[in-house]
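The values are calculated or read from the model by the stated rules, or taken from the named source; none is laboratory data. Just so it is clear, the structure is predicted and the values come from calculations on it, not from any experiment. No Cβ is skipped: glycine too gets one built from the backbone with ideal geometry, and neighbour counts run over all protein chains shown. Quick note on the areas: whole protein, heavy atoms, side chains included, nothing else; ligands and nucleic acids left out. Shrake-Rupley method; radii C 1.70, N 1.55, O 1.52, S 1.80 Å.
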Amino acid sequence: MADIPDITREAQDRAASPPLESRVEVSESTLGKTKRLSRTGRSRKQVSSSSQRRLVVVSNRVPVPKDGASKAGGLTVALEGALKQSGGLWFGWSGDTVESPSDQAKVVQAGNITFAVLDLSQRDYDEYYAGFANRALWPICHYRLDLVQIERQELDGYFRVNRAFAASLAPLLQPEDVIWVHDYHFIPLAAELRRLGFKNRIGFFLHIPWPPSDVASALPAYQQLLQGFGAYDLVGFHTPQDAENFQRCLVRENIGSSIGTGEHEIDGHKVRIGAFPVGIDTETFVRAAANAERNALVRRTKASLGDRDLIIGVDRLDYSKGLKQRIEAFSCFIKSNPDFRNRVTYIQITPKSRSDVPEYQRMQREIAEQAGWTNGSLGEVDWTPVRYVNRTVGHAALAGLYRMSQIGLVTPLRDGMNLVAKEFVAAQQPDDPGVLILSRFAGAAHELDGAILVNPYDTEACAGAIARALRMPLEERRERWDSMMARLRTNSVEAWCQHFLSSLGNVSSEGLEAHATTNPENGRYPFSEGAPA
Ligand code: F6P
């Protein structure tokens, strides 16, 4: 099969195609006050115009602006940037579990974005989110077959929640809306919407890797999941490799037929497949970093370091991030470069996540123990080599911490993109930039060629990369940083959003009738009862 094209490039060339326009639809609620939308979902102020298209974003996490809002991850930060430009509707989970969730979305209006969210019952949370999404899809897509937990009930819960979310989204939709579904939580959502008769353009973007078919085929209901992608008009991945892996999975499972490079026909419906590397809001981050010197936490941290160099790592506490290997590499670096003892500090900022998933609980204990052992064996009375912090740090302070670091250590074992790598680069001082050490298994490695690329499983090589980075001459640091910064300026989050949406705007939705009637039969998935998981 031919290589999957990088649709980003293709779309960049298509300068004439305008981004989708959008409208603000629901303006009944004010910030901080939520309101339930009626089953029809129509507000008196909604104005429908066939010449305009509203953007509807669907994602599991929705950062509704309120106290104690849902946790922001790379996905929400990227989408916030994207939606701010065009406005639109953002639909998904509220982040809350309640005893009897309503099937009507709570709506909050903030600026040009309308947030519409549903709560989950404890059972739905356990089966859909903590279960199938994070104990089957997540580990498999991150190549961790050793951590997979397959439960029939969780699989059913995943499809049940997708069906319920589609039903609750339905009354909020209008015929001209362009729907953009995000991430592994909602793979079957488009099939559910098609089943309800929706013919809108629907795109899907996967924020995590898609593995080769030998790994992906460990997914329970593998065929049905793949088939479900056929309800989308455009399916996007971070890298051409992910997109290629995905199309090969379709071919190997005889799902539809390949009709060209990056194009597949499933149930008579054409699906385009391509790579759209997500970016950051580069200029905003550059400004935040430049202003961060005044930040209190940044100033205190600087003072606490004295004249030691700083190595920084920032990751959700997840086994895909390679934290164990990273601490080992740092320890190996200190042992093999004794002249750096007491001259360098490694700060690892790692907010806990998914702590109710057993695989995460185990790993959290192990990493904490390892950080403790490392400090115990390497540290001095006046030097703590590893500062391991399970806290979230705000964006402004992070920008400042990146800027004062000599090294950004970003060494996931597998990662869809990794926006920390991009933020670290954007935060640097142009005349004295730090060095990015980046795993070759992060999607960002495809773009950030000025980083020192490492194999995170190779402890000695990573230790060597740290030594090399700390000794790197200014001229080389500048050269590397310049080339990465040029990429970040071109491939910003705005560009990502525009390229995806203009590609989605250019696909035709022919064949949807066929798809809607053939999948799934009788409104039931074949595995929901009695089929092997
Ligand atoms: O793409 C990965 C992702 O789903 C993003 O939303 C975010 O980076 C992270 O995982 C958040 O995970 P969770 O929503 O499970 O806390």
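When segment 116-159 is filtered for residues that are farther than 20 Å from ARG362 by Cα and away from the ligand (no atom under 16 Å from the Cβ), the ones remaining, listed by number, are ALA116, SER121, GLN122, ARG123, ARG152, GLN153, LEU155, ASP156, PHE159.
Go through the residues of segment 473-483 one by one and say whether even a single one is open to solvent by 10 Å² or more (accessible area, probe 1.4 Å) and touching a residue at least 60 places away in the same chain (Cβ under 8 Å). No: zero hits. Among the residues of segment 277-304, just one is at pLDDT below 95, part of a loop (DSSP other than H, G, I, E, B) and either acidic (Asp, Glu) or over 27 Å from the mean Cα position of the chain (by Cα) (or both), namely ASP281. Residues that are exposed (fewer than 12 other Cβ atoms within 10 Å of the Cβ) and assigned to a helix (DSSP H, G or I) within segment 371-391 comprise GLY376, SER377, listed in sequence order.
Looking for something aromatic (Phe, Trp, Tyr) and open to solvent by 10 Å² or more (accessible area, probe 1.4 Å) - is there at least one such residue anywhere in segment 166-183?
No, every residue in segment 166-183 fails to be aromatic (Phe, Trp, Tyr) and open to solvent by 10 Å² or more (accessible area, probe 1.4 Å).
Residues that are within 16 Å of the ligand (Cβ to nearest atom), open to solvent by 20 Å² or more (accessible area, probe 1.4 Å) and in contact with a strand residue (DSSP E or B) (Cβ under 7 Å, 6 or more places away or on another chain) within segment 338-363 comprise PRO351, LYS352, listed in sequence order.
Scanning segment 117-159 for residues that are out of contact with any Gly (no Cβ under 8 Å at 6 or more places or on another chain), over 14 Å from PRO101 (Cβ atoms) and small (Gly, Ala, Ser) yields a total of 3.
Residues that are assigned to a helix (DSSP H, G or I), touching a Phe, Trp or Tyr at 6+ places or on another chain (Cβ under 7 Å), more than 16 Å from the ligand (Cβ to nearest atom) and within 20 Å of ALA467 (Cβ to Cβ) do occur in segment 322-331, at least one of them.
Report yes if GLN348 is in contact with a helix residue (DSSP H, G or I) (Cβ under 8 Å, 6 or more places away or on another chain) and either under 22 Å from ARG135 (Cβ atoms) or part of a strand (DSSP E or B) (or both), otherwise no. It is true that GLN348 is in contact with a helix residue (DSSP H, G or I) (Cβ under 8 Å, 6 or more places away or on another chain) and either under 22 Å from ARG135 (Cβ atoms) or part of a strand (DSSP E or B) (or both).
Scanning segment 319-337 for residues that are of a type outside the set (A, V, I, L, M, F, W, C) and open to solvent by 30 Å² or more (accessible area, probe 1.4 Å) yields LYS324, GLN325, GLU328, LYS335, SER336.
Every residue, every condition in (1) touching a His at 6+ places or on another chain (Cβ under 6 Å); (2) surrounded by fewer than 22 Cβ atoms within 10 Å (Cβ to Cβ), yes or no:
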residue: SER405; (1), (2): no, no
residue: VAL410; (1), (2): no, no
residue: GLY416; (1), (2): yes, no
residue: GLY434; (1), (2): no, no
residue: THR459; (1), (2): no, yes
residue: ALA465; (1), (2): no, no
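Looking across segment 209-248, the residues that are farther than 17 Å from ASP146 by Cα, open to solvent by 10 Å² or more (accessible area, probe 1.4 Å) and over 20 Å from the mean Cα position of the chain (by Cα) come down to ALA221, TYR222, GLN223, GLN224, GLN227, ARG248.
Filtering GLY268, GLY256 for residues that are within 30 Å of ARG194 (Cβ to Cβ) and without any contact (Cβ under 8 Å) to a residue 60 or more places away in the chain leaves a single hit, GLY256. Take the conditions (1) in contact with a Pro (Cβ under 6 Å, 6 or more places away or on another chain); (2) outside any helix (DSSP H, G or I); ASN162 misses just one of them, which is (2). A count restricted to segment 181-232 and to residues that are within 16 Å of the ligand (Cβ to nearest atom) and basic (Lys, Arg) stands at 0. Among residues that are in a loop (DSSP other than H, G, I, E, B), assigned by TED's automatic domain parsing to the domain that holds ALA288 and modelled with pLDDT of 95 or more, ASP307 is included. Residue under question is ALA136, and the condition is that it be surrounded by 21 or more Cβ atoms within 10 Å (Cβ to Cβ) and farther than 30 Å from HIS499 by Cβ; does it hold? Yes.
Counting only strands (runs of 3 or more DSSP E) wholly contained in segment 194-276, the ones carrying 1 or more residues that are out of contact with any strand residue (DSSP E or B) (no Cβ under 6 Å at 6 or more places or on another chain) occupy 257-260, 263-266, 269-275.
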